[in-house]
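Colleague: This is the structure I want to talk about, given as structure tokens.
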Amino acid sequence: MTDGQGQRGARRTLVTGGAGFIGSHLVRLLLARGDRVVVVDDLSTGRRENLAGFDDGSGRLVCVYTDLATALREQGPAAGAFDEVYHLAAAVGVRLVIDEPISSIETNVMQTAALLRRVLADGACTRVMIASSSEVYGKADKSPFSEEDDVVYGPTSKSRWSYACSKAIDEYLSQAYFQKHGLPAVVARFFNTVGPRQVGHYGMVLPNFVAAALAGRDIEVYGDGRQTRCFCDVRDVAQALPRLLESSACHGRVFNVGSDVPVSIGALADRVISVLASRSRRVLVAYDRAYGPGFEDLKQRQPDLRRLRSAIGFEPAIGLDQTIRDVASWMTGEEVIRGAVRSPSAGSRGAVAT
């Protein structure tokens, strides 16, 4: 295929991590626009249920449940030339990175390198989206964060910063492939994406807060609760990705993707309690108790969205209150509240949001 809408039919698209939170919303969008979609997901953090009902029997969706390196090596249905690749497979969440630093680093760096080598070897003009994270900015104190800012990390003795470094390497790789080989690659730095299908196992703040509120448990807010984040609904984020990839002016560039409206974590807990009319209480928990001695968190994380707005006119359409209600509805319907939150006490983990 040449242009994604050529004479051989529909655009062929690969989504790594397609059974995950962001990936599954993107897959739905791509199928709706008529793509033939191949999903590769090892289900380490993704869930088969996230793609339930997506297959309409037309054969336009193929799911390969294995790790990306194996899928590429075995030359299965995930191999071959694609018109577009969305590389979302990654280790996710502060808790997972702290608990499993080796596998998190290797997953983020080695699989990205393998994918880029494979795309280049196919000889196709495949457009590639590399998912990155606001964690790349590290603990820089400038606000808001813009794409050309310097980054500041803590010492290598603090595994908390290994995720940021691994995603930064992914960005370097994608831009090197663009500069050296002309590979049309775009980097999306996600800022606190939230919404239905996000689970709290790995330290994700909003699903943990919502799960606790629905169950009437204490909502644990780490630190003093005054740290701020900007939350953007996953359905808005998913809409932005194909638009970035389709524009040649975006290739070889990095884009912050998210909302730029800050909310303190304490205020988020209060908002969840109010929107869901919960009997839960907000309680503060020290970082040392939640993550161990010496954990470092950022006081603020706000993106500069001028580049994104200029490129595709992006503005989030779904408000935070609606997202909270939709997360609660999804949890209630899926019955994922029980056992979804593991905490040193009876409360809900999740004051650190990535």
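Here, each number is a calculation from the coordinates, and none is a lab measurement. What you are looking at is a predicted structure, and each value in this text was computed from that prediction instead of being measured. Positions of Cβ are backbone-derived with ideal geometry, glycine not excepted, and every protein chain shown enters the neighbour counts.
Colleague: Could you estimate the translational diffusion coefficient of segment 193-345 from the Stokes-Einstein equation, with Rh from the Kirkwood formula over C-alpha pairs, at 25 °C and 0.890 mPa s, in whole µm²/s?
Modeller: Numbers: Rh = 16.6 Å.
Calculated translational D: 148 µm²/s.
Colleague: If you average 1/r over every pair of different alpha-carbon atoms in segment 17-158 and take one over that average, what Kirkwood value in Å do you get? Mind showing how you got there, number by number?
Modeller: Details: mean 1/r = 0.0600 Å⁻¹.
In segment 17-158 this quantity evaluates to 16.7 Å.
Colleague: Convex hull over the Cα atoms of segment 116-213, averaged projected area in nm²?
Modeller: 8.8
Colleague: Hey, for a label at Ala317 modelled as a point 7 Å past Cα toward Cβ, could you say which residues of segment 239-273 have their backbone N under 20 Å away?
Modeller: Answer for segment 239-273: 239-247, 257-261.
Colleague: Ordered by residue, what ³J(HN,Hα) values in Hz, to whole numbers, does segment 224-239 give under the Karplus form 6.51 cos²θ - 1.76 cosθ + 1.60, where θ = phi - 60° and Gly and Pro are x?
Modeller: 8, x, 8, 5, 10, 9, 10, 9, 10, 5, 4, 5, 6, 4, 4, 4
Colleague: Next up: Just need the relative contact order of the chain here, percent rounded to a whole number, with Cα pairs under 8 Å and 6+ apart.
Modeller: Here the relative contact order equals 18 percent.
Colleague: Scan (i) 58, 48, 42; (ii) 59, 45, 37; (iii) 70, 43, 40 for the value of Cα extents along the principal axes in Å calculated from this model and give just the label.
Modeller: Read-out taken from this structure: (ii).
Colleague: Shifting gears a bit: Please state the Cα pair-distance histogram of segment 234-316 with 10 angstrom bins from zero: what percent is in each bin?
Modeller: For segment 234-316, the pair-distance distribution reads 14, 31, 27, 22, 7, 0.
Colleague: Also, I was wondering about something else. Tell me which residues come under 5 Å, amide H to amide H, from Gln300 once H is placed; ignore anything under 5 positions away on its chain.
Modeller: Here Thr228 satisfy the definition.
Colleague: Further, regarding this structure: For Val64, list long-range residues whose amide hydrogen, built 1.01 Å from N in the peptide plane, is under 5 Å from its own amide hydrogen.
Modeller: Val39, Val40, Asp41
Colleague: Whole-Hz Karplus ³J(HN,Hα) for segment 266-281, in order, using 6.51 cos²θ - 1.76 cosθ + 1.60 and θ = phi - 60°, x for Gly and Pro?
Modeller: Once rounded to whole Hz, the list reads x, 5, 4, 4, 4, 5, 4, 4, 5, 4, 9, 6, 8, 8, 5, 10.
Colleague: In debye, nearest 20: dipole of the chain around its Cα centre with unit charges on the Cβ of K, R (+) and D, E (-)?
Modeller: For the chain, the charge dipole is close to 260 debye.
Colleague: Give the long-range amide H neighbours of Val186: residues separated by 5 or more places, or on another chain, with amide H under 5 Å away, using H modelled in the peptide plane at 1.01 Å from N.
Modeller: Sorted by chain and number, the residues that satisfy this are Val128, Met129, Ile130, Gly252.
Colleague: From the C-alpha gyration tensor of segment 145-186, pull out the three semi-axes of the equivalent ellipsoid (sqrt of 5λ each), sorted largest to smallest, in whole Å.
Modeller: On the way: eigenvalues 120, 31, 10 Å².
Listed largest to smallest, the semi-axes of segment 145-186 are 25, 12, 7 Å.
Colleague: A follow-up question, please. Counting other beta carbons within 10 Å of each residue's own, what order do Thr107, Thr66 fall into, fewest first?
Modeller: Numbers: Thr107 22, Thr66 16.
Ranked by crowding around the Cβ, least crowded first: Thr66, Thr107.
Colleague: Once label points are set 7 Å from the Cα along Cα→Cβ at both Glu296 and Thr156, what is their separation, rounded to one decimal in nm?
Modeller: The answer from the label model is 1.5 nm.
Colleague: Here's a follow-up. Residue by residue, what Karplus-based ³J(HN,Hα) values in Hz, rounded to whole numbers, does segment 159-169 have, using 6.51, -1.76 and 1.60 with θ = phi - 60° and x for Gly and Pro?
Modeller: Each residue's phi maps through the Karplus curve to give 5, 3, 8, 5, 5, 4, 5, 5, 6, 5, 4 Hz.
Colleague: Where the centre of each part is set by its Cα atoms, how far does segment 249-273 sit from segment 150-200, in angstrom?
Modeller: What the calculation gives is 16 Å, centre to centre.
Colleague: Just flag the trypsin sites (Lys or Arg not before Pro) in segment 18-107 sitting in loop per DSSP whose Cβ has no more than 13 other Cβ atoms within 10 Å. It would help to have the intermediate numbers written out before the result.
Modeller: Values: sites: Arg28, Arg33, Arg36, Arg47, Arg48, Arg60, Arg73, Arg95; in loops: Arg33, Arg47, Arg60.
Counting only loop positions with at most 13 other Cβ atoms within 10 Å, the trypsin sites (Lys or Arg not before Pro) in segment 18-107 are Arg33.
Colleague: Taking the number of other C-beta atoms within 10 Å as the exposure measure, put Ile312, Ile130 in order starting with the fewest. Let's see the in-between values first.
Modeller: Values: Ile312 20, Ile130 25.
Ranked by crowding around the Cβ, least crowded first: Ile312, Ile130.
Colleague: Another question about this same structure. Output the relative contact order of segment 152-236, whole-number percent, from Cα pairs under 8 angstrom with separation of 6+ residues. Could you put the intermediate results ahead of the total?
Modeller: Values: 46 pairs, mean separation 21.2, N = 85.
After rounding, I find 25 percent.
Colleague: Give, rounded to the nearest 20 debye, the magnitude of the charge dipole that segment 117-241 has about its Cα centre when Lys and Arg contribute +1 at Cβ and Asp and Glu contribute -1 at Cβ.
Modeller: 320
Colleague: Something else: What percentages make up the Cα-Cα pair-distance distribution of segment 155-255 when the bins are 10 Å wide from 0?
Modeller: 12, 30, 33, 19, 6, 0
Colleague: What's the magnitude of the charge dipole for segment 214-262 around its Cα centre, counting Lys and Arg as +1 and Asp and Glu as -1 at the beta-carbon? Answer in Debye, nearest 20.
Modeller: 140
Colleague: What's the exposure ranking of Cys232, Cys250, Cys125, going from fewest to most Cβ atoms within 10 Å? Walk me through the numbers on the way to the answer.
Modeller: Values: Cys232 26, Cys250 23, Cys125 15.
Fewest-to-most ranking of Cys232, Cys250, Cys125: Cys125, Cys250, Cys232.
Colleague: Right, here's the next one. Binning at 10 Å from 0, report for segment 120-172 what percent of all alpha-carbon pair distances ends up in each bin.
Modeller: Result, from short to long distances: 22, 43, 21, 13, 1 percent.
Colleague: Now for a separate question. Whats the longest run of the chain with zero GluC sites (Glu not before Pro) that are DSSP loop and have at most 10 other Cβ atoms within 10 Å?
Modeller: It runs 149-334.
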